[in-house]
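Written below as structure tokens is the structure these notes are about.
The values are calculated or read from the model by the stated rules, or taken from the named source; none is laboratory data. Just so you know, these numbers come straight off a predicted model, no measurement behind them. Here the Cβ positions follow ideal geometry from the backbone for every residue, glycine too, while neighbour counts run over all protein chains shown. Keep in mind that these areas ignore ligands, DNA and RNA; they rest on the heavy atoms of the full protein, side chains included. Shrake-Rupley method; radii C 1.70, N 1.55, O 1.52, S 1.80 Å.
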Amino acid sequence: METKEIIKKAEQLRMNGYFKESLKLWKKIYKKAVKNNDVELGLDCLIVIGDLNRILGNFRNAELYYSESIELSDILNNKIAMADALTGLALSKKAMGQWRDALKLIRQARKIYERNKDKKGIAFTFWAEGAIWRFGGRIKKSLQSFYKSLTLFKKLKNNQSLGYVYCGLGGSLRVYGNYEDSMRYYRMANQIFNKIKDRFGMAYSFCGIGNAYRMIGDYKNAEKNFKKAINIYSGIGDIVSSSYTLWSMAMINILRKKYAVALQYIKNSEKNFKKCKDPRGLIYCKLHRGIIHYLNRKKFFAIKYFSEAFNETQKYDFALEKKYAQSLLKGKYTQPYNIP
């Protein structure tokens, strides 16, 4: 098979959410590029391999590939590749809790895209910035960035990107307390992803729809959508986003007073968060463990977990999670606390 055909197949797999399969092909392409001394293709491969490692939760590996890409793009004076690698590195650092460093990197990337009049790159950096602000718990700033990205992607008529912007808005609006619009944006995203057969996007939007249902007290429909998301994530091999879905399943089981079931979901998500080194996910698991202990009349252990979670939020400057931990320590845990 010709290299161009392999690239086309690898990209189609990536676009449809077959990340592991795509990664295998991109590694083969990279070996061919090295063998043929095709430096430009090798650079493209390094960035894509970094992206796929990041999506699959291998953030440390992703960092290594992006760092190598940045060095090579500098040598080749390839500005767009430099911006692409900086963007990927920013998202990897965000996922590991280094969200302030991520902000600096994403803005550095945007300046390069702006100088090169790369409209899609500029739009993507605003989406990424929205995700970074969301991770840091600065929801108003997150919404501002997502809306800016939305305006730009609408002009570009890029449906797949719009789907991910809708998901970003759905998540931030839920935390902001606007459950109706959160549901609306997630449903719009789901329609797009279903039409273009984007498996990851479908799982992402199903999870979002489930969380919107959870916040309005419809646990039956919440669970239904969470299970759809988990099934798709399982097929993809995702351990990052699926862990947040497992966390959401734990929450609805706490609300149903099924504490043993909830604890098992927490343990499963905790295992994955540790594997991919996601500090924010681990904080949520500690908050849930604390809630279960309190509801089982074990206040000492509840306070222990809430305190540990609070200390971690200070370490990473997670504003939203800090607020949740403080609320729980002040007594909101006297009843199941439905964390947005």
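Taking the accessible area of region 1-120, probe 1.4 Å, and keeping the other protein chains in place, the carbon and sulfur fraction comes to 50%. The angle separating the long axis of helix 259-276 from the principal Cα axis of greatest extent in the chain is about 30 degrees. Centroid-to-centroid, using Cα positions, region 1-71 and region 210-287 are 30 Å apart.
Its DSSP H runs of at least 4 residues, each contributing -39,500 (n - 2.57), put the calculated 222 nm mean residue ellipticity of the chain at -28000 deg cm²/dmol, to the nearest 500. The simple spin-label model puts a point 7 Å past each Cα toward its Cβ; for GLU2 and LEU64 those points are separated by 3.4 nm. Ligands, DNA and RNA left out, the 1.4 Å accessible surface of region 238-339 is 51% carbon and sulfur atoms. For region 1-120, the relative contact order works out to 16 percent when only alpha carbon pairs closer than 8 Å and six or more residues apart are counted.
Can you work out D for the chain in µm² s⁻¹ from Stokes-Einstein, where Rh is the Kirkwood radius over C-alpha pairs, the temperature is 20 °C and the viscosity is 1.002 mPa s? D, rounded to a whole number, is 104 µm²/s. Probing with 1.4 Å while keeping every protein chain in the model, the per residue accessible area of the chain equals 47 Å². Here the contact order of region 214-340, divided by its residue count and restricted to Cα pairs under 8 Å and six or more residues apart, works out to 20 percent. Extension gain, LYS323 to VAL34: 0.36 nm times the residue separation minus the Cα-Cα distance gives 99.0 nm.
Model label sites at ASN194 and LYS79, defined 7 Å from Cα along the beta-carbon direction, differ in position by 4.3 nm. Using θ = phi - 60° in the Karplus curve 6.51 cos²θ - 1.76 cosθ + 1.60, the 3J(HN,Hα) couplings for region 288-305 round to 5, 4, x, 4, 4, 4, 5, 5, 8, 6, 10, 4, 4, 5, 4, 5, 4, 5 Hz; x is entered for Gly and Pro. Coupling constants for region 228-235 follow from the phi torsions by the Karplus curve (6.51 cos²θ - 1.76 cosθ + 1.60, θ = phi - 60°), and in residue order they are 4, 4, 4, 4, 5, 4, 4, x Hz; glycine and proline get x.
A simple spin-label model places pseudo-atoms 7 Å from Cα toward Cβ; at LYS257 and GLN144 they are separated by 4.5 nm. Evaluating 6.51 cos²θ - 1.76 cosθ + 1.60 at θ = phi - 60° for every residue in region 146-162, the Karplus couplings come out as 5, 5, 5, 4, 4, 4, 5, 6, 5, 5, 7, 6, 9, 5, 4, 5, 4 Hz, glycine and proline recorded as x.
Principal-axis analysis of the Cα atoms of the chain puts helix 319-329 at an angle of about 20° to the longest axis. Under 19 Å of direct C-alpha separation, and excluding same-chain neighbours fewer than eight residues apart, LYS220 reaches these lysines: LYS228, LYS257, LYS258. Per the Kirkwood formula applied to alpha carbons, region 1-120 shows a radius of gyration over Rh ratio, Rg over Rh, of 0.97. Charge dipole of the chain (Cα centre as origin; +1 on each Lys and Arg Cβ, -1 on each Asp and Glu Cβ, all else neutral): 1060 debye, rounded to the nearest 20. Along the charge dipole of the chain, Cβ charges K/R +1 and D/E -1, which of LEU328, ILE7, TYR65 sits furthest on the positive end? With unit charges placed on the Cβ atoms, the residue in question is LEU328. Once both axes come from the Cα atoms, what is the angle between helix 3-15 and the longest principal axis of the chain, in degrees from 0 to 90, rounded to 10? Helix 3-15 and the main axis of the chain meet at about 20 degrees.
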